[in-house]
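Let me begin by presenting the structure, written as structure tokens, before commenting on it.
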Amino acid sequence: QVQLVESGGGLVEAGGSLRLSCAVSGITFSNYAVGWFRQAPGKEREFVGSIFRTSRTYYGDVVKGRFTISRGNVGTMYLEMHTLRPEDTAVYYCAAGRAILSTVGNPDAYQYWGQGTQVTVSS
């Protein structure tokens, strides 16, 4: 059974930092692209970033230069978020799938999803 479990969300003031973690089990972690999406109330799911098995990373335009994705020990992925803004408030989802460069930002390219963790940035 494939499981993705996010942790690390919470409330932070604007300008602050948070680190989200995603624990992945049930798949060969290194064979998949793993990434983060977010969804704010009333908005579509938005691409945050992804890391391929080559360790190449890709980011959505709104987070470039502020967020960093990395792989940790077996089955763990992190999202380091800095200089947070109120507009970063959303539920953040970890995802894994057979995404390729042309589909890296498309949620449909990711087959497995976590339940999400809330990030709230106060102004």
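The values are calculated or read from the model by the stated rules, or taken from the named source; none is laboratory data. This one's a predicted model, so the numbers in the text were calculated from it and none came from an experiment. When we count neighbours, we look across all protein chains shown, and the Cβ atoms used for this are built from the backbone with ideal geometry, even at glycine. For accessibility, only protein heavy atoms count, side chains too; no ligands or nucleic acids. Shrake-Rupley method; radii C 1.70, N 1.55, O 1.52, S 1.80 Å.
Local charge sum around residue 101 (other residues, Cβ-Cβ under 13 Å, Lys/Arg +1, Asp/Glu -1)?
Values: positive: 53, 56, 98; negative: none.
Taking every Cβ under 13 Å from that of residue 101, the sum is +3.
Could you state the accessible area per residue of the chain in Å², with a 1.4 Å probe and every protein chain left in place?
Values: 6400 Å² over 123 residues.
Ligands and nucleic acids excluded, the result is 52 Å² per residue.
Leaving out ligands, DNA and RNA, and with a 1.4 Å probe, what % of the accessible surface on the chain is carbon or sulfur?
Details: 2970 of 6400 Å².
Its accessible area is 46 percent carbon and sulfur atoms.
Pick from 21, 30, 50: which is most flexible by mean-square fluctuation in a GNM of the chain where alpha carbon atoms under 10 Å apart are linked?
Evaluated over the chain, the most mobile residue of the options is 30.
As an exercise, take the mean of 1/r over every pair of distinct alpha carbons in segment 1-87, invert it, and state the Kirkwood radius in angstroms. Don't jump to the answer; show the numbers that get you there.
On the way: mean 1/r = 0.0733 Å⁻¹.
This gives a value of 13.6 Å.
Can you work out the PRE-style zone for residue 17? Point 7 Å along Cα to Cβ, and I want the residues of segment 75-110 with backbone N under 14 Å.
Within reach of a label on residue 17, which here means backbone N under 14 Å from a point 7 Å along Cα→Cβ, segment 75-110 contributes 79-84.
Going through segment 32-123, which trypsin sites (Lys or Arg not before Pro) have at most 11 other Cβ atoms within 10 Å and a DSSP loop state? Provide the component values of the computation, followed by the final result.
Details: sites: 38, 43, 45, 53, 56, 64, 66, 71, 98; in loops: 43, 45, 53, 56, 64, 66, 98.
Listed in order of number, the matching sites are 43, 56, 64, 98.
With charges only on Cβ, +1 for K and R and -1 for D and E, what is the dipole size of the chain about its Cα centre, in debye, rounded to 20? Don't skip to the answer; put the middle values down first.
Numbers: 11 positive and 9 negative charges, 66 e Å.
Using only the charged Cβ atoms, the result is roughly 320 debye.
Figure the gain on full extension for residue 98 and residue 68 (residue separation times 0.36 nm, minus the Cα-Cα span) and round it to one decimal in nm. Intermediate results must be reported in sequence, preceding the final value.
Working: separation 30, 0.36 × 30 = 10.80 nm, distance 2.06 nm.
Result: 8.7 nm gained on full extension.
How much length, in nm to one decimal, is gained on full extension between residue 115 and residue 43, taken as 0.36 nm per residue of separation minus their Cα-Cα distance? Before the final figure, lay out the partial values.
Working: separation 72, 0.36 × 72 = 25.92 nm, distance 1.73 nm.
Extending this stretch completely gives an extra 24.2 nm.
Please name which of 14, 55, 96 has its Cα lying farthest along the dipole of the chain towards the positive end, using unit charges on Cβ (Lys, Arg +1; Asp, Glu -1) and the Cα centre as origin.
Comparing the listed Cα positions along the dipole, 55 ranks first.
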